[in-house]
Amino acid sequence: MAERFIPYEKMSKKQRRSVDAKRRNLWGTDPCTRVVPNGKAYTRKVKHKNREVI
C-alpha cells in the first residue's frame, strides 16, 4: 500500500521535524566550512599560533 500524501500543515510535530531534518541534510557538506577567510580581518589564532609559553 502506497503512503498517502499529507499536507505539511496537517502533519504531526514529530513528522514535521523528520521532514525538516531530511531537507536540511541535502547539501552533504557544511556550507560554513566552505567560506574563504577574509585576508584583511584580524585573526587572533594565526597571530598567536607559534607563541612560546614560559
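At-a-glance table
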| read-out | value |
| --- | --- |
| Residue-span extension gain [LYS40 to LYS14] - 0.36 nm each, minus C-alpha spacing | 4.8 nm |
| Per-residue Cβ neighbour rank within 10 angstrom, fewest leading, VAL36, VAL19 | VAL36, VAL19 |
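Any read-out appearing in this document is the output of simple, stated calculations on the displayed coordinates, not a laboratory observation. Small disclaimer: the values here were computed from a predicted structure and weren't measured. Cβ sites come from the backbone with ideal geometry, for glycine too, and all protein chains shown count toward neighbours.
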